């Protein structure tokens, strides 16, 4: 996936107490993504933007938009990526 397309799919990171807990315990990050984005598109976009390997993606539609919970592979740390993004 091209970087420009990836930036359109992933709108921004989303952090709450619950998602912060998931960063530490489950190696997951949460993003607000494009409403039409599929799980495969979200995974490809996160891999392209942040140079990490994605294990799985779960999505949920909320009032704030479509959220994607992205589990990183064990060799990548969600805590390190969150620190790079300025979330922690």
(message) Could you work out [θ]222 nm for the chain from helices alone, using -39500 (n - 2.57) per DSSP H run of at least four and dividing by all its residues? Round to the nearest 500 deg cm²/dmol.
(response) -11500 deg cm²/dmol
(request) List the relative contact order of the stretch 3-84 as a percent without decimals, with contacts defined as Cα pairs under 8 Å and 6+ residues apart. (result) 33
(request) Sort 35, 5 so the one with the fewest other Cβ atoms within 10 Å of its own Cβ comes first. (result) 35, 5
(message) Can you match log10 I(q)/I(0) by the Debye sum over Cα atoms at q = 0.13, 0.16, 0.17 Å⁻¹ to one of these, (i) -0.35, -0.54, -0.61; (ii) -0.51, -0.64, -0.69; (iii) -0.51, -0.70, -0.76, based on a calculation from the structure here?
(response) (i)
(message) Which one, 40, 76, 27, has the greatest fluctuation when you compute a Gaussian network model over the chain with C-alpha springs under 10 angstrom?
(response) 40
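Once you have the Cα-Cα distance between residue 4 and residue 24, take 0.36 nm times their residue separation minus that, and quote the gain in nm to one decimal.
Using 0.36 nm per residue and subtracting the Cα-Cα distance, I get 4.3 nm.
Read-outs throughout are calculated quantities, based only on the coordinates presented, and are distinct from any laboratory measurement. Every value quoted in this text rests on a predicted model; they were computed, and no experiment measured them. Reconstructed Cβ throughout: ideal geometry from the backbone, glycine too, with neighbour counts over all protein chains shown.
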